[in-house]
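Before any comments, here is the structure.
The values are calculated or read from the model by the stated rules, or taken from the named source; none is laboratory data. Worth saying up front: this structure is predicted, and the values here are computed from it rather than measured. Positions of Cβ are generated from backbone atoms using ideal geometry, with glycine treated the same way; all protein chains shown enter the neighbour counts. These accessible areas exclude ligands, DNA and RNA; they are computed on the full protein's heavy atoms, side chains included. Shrake-Rupley method; radii C 1.70, N 1.55, O 1.52, S 1.80 Å.
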Amino acid sequence: MAVYYVTSECLTNAAKHARATVVEVRARVYEDVLEVVIGDDGVGGAEPGGGSGLIGLTDRVEATGGRLTVRSPPGRGTTLIARLPVPRSAAE
């Protein structure tokens, strides 16, 4: 459920705020972690503490025991990396 919300919010932000023309979503499972990387070619400059959307995503990911990283240099797009724990039986 957390991955759905992270992806949804990132796609919404890319369309509403980033003026992105390309958004890429990648997911992989390694060890006991699901890693989802969502990147766009928009305007960048997103501040993790600057709006309720990114704060909410961080809270949602951390509630699962995961971690959310935001990279958004001005003028160079935004990349969010969510790493969430996956029980071994679900990863196999």
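For the range 11-92, the orientation-averaged shadow of the C-alpha convex hull comes to 5.4 nm² (one quarter of the hull surface). Based on protein heavy atoms only, the chain ends up with 62 Å² per residue of surface accessible to a 1.4 Å probe.
Extension gain, D59-V43: 0.36 nm per intervening residue step, less the Cα-Cα distance, totals 3.3 nm.
Summary: within the chain, the longest segment free of trypsin sites (Lys or Arg not before Pro) located in DSSP loops with at most 14 other C-beta atoms within 10 Å is 20-75. Note on M1 and T69: the extension gain reaches 22.7 nm, defined as 0.36 nm multiplied by sequence separation minus the Cα-Cα distance. Taking all protein chains as present, what is the carbon and sulfur share of the accessible area of the chain, in % to the nearest whole number, probe 1.4 Å? Exposed carbon and sulfur together represent 51 percent of the surface. Seen against the Cα atoms of the chain and their longest principal axis, helix 52-63 is set at about 10 degrees.
The local environment of K16, defined by Cβ-Cβ distances under 14 Å, has a net charge of -1 under the rule Lys, Arg +1 and Asp, Glu -1.
Here the Karplus relation 6.51 cos²θ - 1.76 cosθ + 1.60, evaluated at θ = phi - 60°, turns the backbone of the range 70-87 into coupling constants of 10, 10, 8, x, x, x, 10, x, 10, 10, 10, 10, 10, 10, 10, x, 10, x Hz, with x for every Gly and Pro. For the range 1-52, the gyration tensor built on C-alpha atoms gives a prolate shape. Its axis ratio a/c (a ≥ b ≥ c) is at least 1.5, and a/b is the larger of a/b and b/c. Here the label points at R76 and A27, each 7 Å from Cα along the C-beta direction, are separated by 2.8 nm in the simple model. In the chain, if the dipole is taken from +1 on Lys/Arg beta carbons and -1 on Asp/Glu beta carbons about the Cα centre, which of G49, S8, G77 is farthest to the positive end? So the residue furthest toward the plus end is G77. Scan the range 12-46 for GluC sites (Glu not before Pro) in coil per DSSP, keeping those whose Cβ has at most 14 other Cβ atoms within 10 Å, and list them by number. Hits after loop and neighbour filter: E31. Relative to the dominant Cα principal axis of the chain, helix 2-13 is inclined by about 10°.
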